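I have placed the structure first, in the form of structure tokens, so that the comments after it can refer back to it.
The values are calculated or read from the model by the stated rules, or taken from the named source; none is laboratory data. Bear in mind the structure is a predicted one, so any value in this text is a computation, not a measurement. Glycine gets a Cβ as well: all are built from the backbone with ideal geometry, and neighbour counts include every protein chain shown.
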Amino acid sequence: MRRRKRQLNEGNLPLMEHVIALRKVLVISAYAIAFGAIVGWFISDLTFTYLATPVTKLKDIMFITTTPMEPMLVKLKVSLFVGMVIALPIIIWQIWSFVLPALKQNERKYLYIIVPSSLLLFLAGAALCFYVVLPIGIRFLLMAGGGGVQSTPFVTKTSYLSFLVTFLLTFGLVFQLPIVLLILIRIGVLSPKTLAKKRRWAVLAIVILAAVVAPTPDLFTQLLMAGPMYLLYEISIWLGYLVVRRTEKELALK
């Protein structure tokens with residue numbers, strides 16, 4: 001009886017290890033965001049002024065406050081946003097360390113390549129969103145259908161901030177596509193030749209994915225998301241060939 005209980009406990013150990021590892025990821029990420037949010041509190045006004053430029057650059061559009069608590073809520077949300085940006089390298093490191101626990105000791109070095117690449121791709125996606133897609137999308141959404149009745153668009157700060165964060169996160173996560181594909185190629189689940197042969201299906205999948213994850217339902221925004229995704233897919237194919245060649249060289253040396 002004792003032996004049976006011991007076997008059950010040993011069988012449950014890997015699951016408990018995953019739970020403990022996930023808890024560690026969440027705790028460290030939360031502490032990092034909290035520290036960044038403290039810094040963000042002191043620069044929240046300047047930060048929101050910069051984040052609001054896609055709206056403030058447009059004519060005849062104003063921010064309004066609808067509740068007495070809204071200015072304080074906006075300040076708190078902007079502080080939290082700044083905290084997430086400051087903690088982003090730590091968050092990405094923790095996530096990939098948790099997702100890739102099966103790496104061998106000699107393969108842990110790949111984390112030093114994956115994490116910076118993932119961070120740069122996330123920032124590139126967010127930058128494309130903020131400087132290109134967001135201004136065009138906001139102008140299109142606020143002006144669409146406004147020709148029938150003359151009106152002045154008003155935007156609350158909280159609604160705009162939620163809209164902005166959703167856009168930035170979506171584009172940042174979508175730009176992780178090359179990292180995911182290269183990892184699958186490295187572990188042998190996919191091959192560059194397979195990705196090249198399935199280009200037509202990839203285009204269809206990318207269009208569907210853009211339609212599903214795009215923050216707005218308009219076709220223009222979805223196309224602006226699908227275009228970079230397909231470009232990243234093609235880049236992943238060529239980088240995949242380099243990964244395969246390097247893997248074959250490593251195997252030949254053993």
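State all residues of the stretch 29-84 that are closer than 18 Å to Val165 by Cβ and basic (Lys, Arg); if no residue qualifies, say none.
Result: Lys75, Lys77.
Just one of Leu26, Leu58, Leu46 is in contact (Cβ under 8 Å) with a residue 40 or more places away in the chain and surrounded by fewer than 18 Cβ atoms within 10 Å (Cβ to Cβ); which is it? Before you say what the answer is, go through the steps one by one.
Numbers: Leu26 fails: in contact (Cβ under 8 Å) with a residue 40 or more places away in the chain; Leu46 fails: in contact (Cβ under 8 Å) with a residue 40 or more places away in the chain.
Checking each option against the conditions leaves just Leu58.
When you scan the stretch 188-226, how many residues do you find that are assigned to a helix (DSSP H, G or I) and more than 22 Å from the chain's Cα centre (by Cα)?
Step one: list which residues in the stretch 188-226 are assigned to a helix (DSSP H, G or I), which gives 192-197, 199-213, 219-226.
When the remaining residues are screened for being more than 22 Å from the chain's Cα centre (by Cα), the result is 192-197, 199-201.
Result for the stretch 188-226: 9.
So which of Ser97, Ser79 is part of a helix (DSSP H, G or I), at pLDDT 90 or above, surrounded by 11 or more Cβ atoms within 10 Å (Cβ to Cβ) and out of contact with any strand residue (DSSP E or B) (no Cβ under 7 Å at 6 or more places or on another chain)?
Values: Ser97 fails: at pLDDT 90 or above.
Ser79 is the lone residue from the list that is part of a helix (DSSP H, G or I), at pLDDT 90 or above, surrounded by 11 or more Cβ atoms within 10 Å (Cβ to Cβ) and out of contact with any strand residue (DSSP E or B) (no Cβ under 7 Å at 6 or more places or on another chain).
Just name the residue that is modelled with the lowest pLDDT out of those in the stretch 144-187 that are of a type in the set (Phe, Trp, Tyr) and outside any helix (DSSP H, G or I). Can you show your working first?
We begin by selecting, within the stretch 144-187, every residue of a type in the set (Phe, Trp, Tyr); these are 154, 160, 163, 167, 171, 175.
Keeping just the survivors that are outside any helix (DSSP H, G or I) gives 154, 175.
Numbers: Phe154: 80, Phe175: 91.
Checking each candidate, the answer is Phe154.
So if I check each of Arg246, Arg199, which one is closer than 29 Å to Leu168 by Cα, among the charged types (D, E, K, R) and surrounded by fewer than 16 Cβ atoms within 10 Å (Cβ to Cβ)? Break it down stepwise before answering.
Working: Arg246 fails: closer than 29 Å to Leu168 by Cα.
After applying the criteria, what remains is Arg199.
For the stretch 49-76, what are the residues that are of a type in the set (Ser, Thr, Tyr) and outside any loop (DSSP other than H, G, I, E, B)? Spell out how you get there, then give the answer.
Quick first cut of the stretch 49-76, residues of a type in the set (Ser, Thr, Tyr) only: 49-50, 53, 56, 65-67.
Listed by number, the residues that qualify are Thr49, Tyr50, Thr53, Thr56.
What single numbered condition from (1) in a helix (DSSP H, G or I); (2) surrounded by fewer than 19 Cβ atoms within 10 Å (Cβ to Cβ) fails to hold for Met229?
So Met229 meets the others, but not (2).
Ser191 - would you say it is small (Gly, Ala, Ser), out of contact with any strand residue (DSSP E or B) (no Cβ under 6 Å at 6 or more places or on another chain) and more than 30 Å from Leu164 (Cβ to Cβ)? Full working, then the answer.
Numbers: small (Gly, Ala, Ser): yes; out of contact with any strand residue (DSSP E or B) (no Cβ under 6 Å at 6 or more places or on another chain): yes; more than 30 Å from Leu164 (Cβ to Cβ): yes.
Criteria met by Ser191.
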